[in-house]
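Peer 1: Structure below; questions to follow.
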Amino acid sequence: MKYTTKYIISYVSTVNPNISNSDIAKLMDFVRLHNNSINITGILIYSEGNFFQILEGKEEIVKMMFEKIKKDSRHYNIIKMLDKKTKKVSFTEYHSSFTVISNDSGKEELQLFLQKEKTNNPEHYKSISYLVQKFMKLG
């Protein structure tokens, strides 16, 4: 099997206040199904008017998706935290969650992602970890 470099982009954004909770729930379902169908792994979390997303997969696809995301009127104030090649993805599938991650495997994969970032990306780890903890409402 040929080794393929993977790519990761992570960001936070502010949700458009005109978007209803029902619209966000529909978006979560669509994104999870769509991203799993095109072999994109990662997570999308919504909490208190903000999105946090991690996209992992083939570089061209991840970058193309992020370009679409930047043009999406459902959110603004997009702050990109990670944009880099990676040797190994942290997630086995794509998860989406309204306020908190509901399944344990999603939580475990997110914690493994944070551990990996602490080692591989120490200069950004503190801010990424802080944001993830806020979105997950852990502890």
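Peer 1: Sort 10-19, 48-57 by packing, meaning the average of other beta carbons within 10 Å per residue, with the highest value first. Don't jump to the answer; show the numbers that get you there.
Peer 2: Numbers: 10-19: 16.0, 48-57: 20.2.
Final packing ranking: 48-57, 10-19.
Peer 1: Using modelled backbone amide H atoms (1.01 Å from N, in-plane), which distant-in-sequence or interchain residues come within less than 5 Å of Lys6's amide H?
Peer 2: Thr86
Peer 1: Convex hull over the Cα atoms of region 16-63, averaged projected area in nm²? Working shown, then result.
Peer 2: Values: hull surface 14.0 nm².
Taking the Cα atoms of region 16-63, their convex hull projects to 3.5 nm² on average.
Peer 1: Run the simple label-point estimate for Tyr76 and Asn50 please: 7 Å along Cα→C-beta, distance reported in nm.
Peer 2: With each label point 7 Å from Cα toward Cβ, the separation is 1.8 nm.
Peer 1: Normalising by the residue count of region 1-90, find the relative contact order in percent from Cα pairs under 8 Å and 6+ residues apart.
Peer 2: Relative CO of region 1-90 lands at 52 percent.
Peer 1: If the limit is 25 Å between Cα atoms, which of Lys6/Lys26; Lys63/Lys116; Lys6/Lys118 go over it?
Peer 2: Details: Lys6/Lys26 28 Å; Lys63/Lys116 21 Å; Lys6/Lys118 19 Å.
Flagged as over cut-off: Lys6/Lys26.
Peer 1: Using protein chains only and a probe of 1.4 angstrom, how many square angstrom of Asp72 are accessible, to the nearest 10?
Peer 2: Spelled out: Asp72, probe radius 1.4 Å, area about 40 Å².
The values are calculated or read from the model by the stated rules, or taken from the named source; none is laboratory data. Small disclaimer: the values here were computed from a predicted structure and weren't measured. All Cβ positions, glycine included, derive from the backbone under ideal geometry; neighbour counts span all protein chains shown. Heads up: the accessible areas ignore ligands, DNA and RNA and are worked out on the full protein's heavy atoms, side chains in. Shrake-Rupley method; radii C 1.70, N 1.55, O 1.52, S 1.80 Å.
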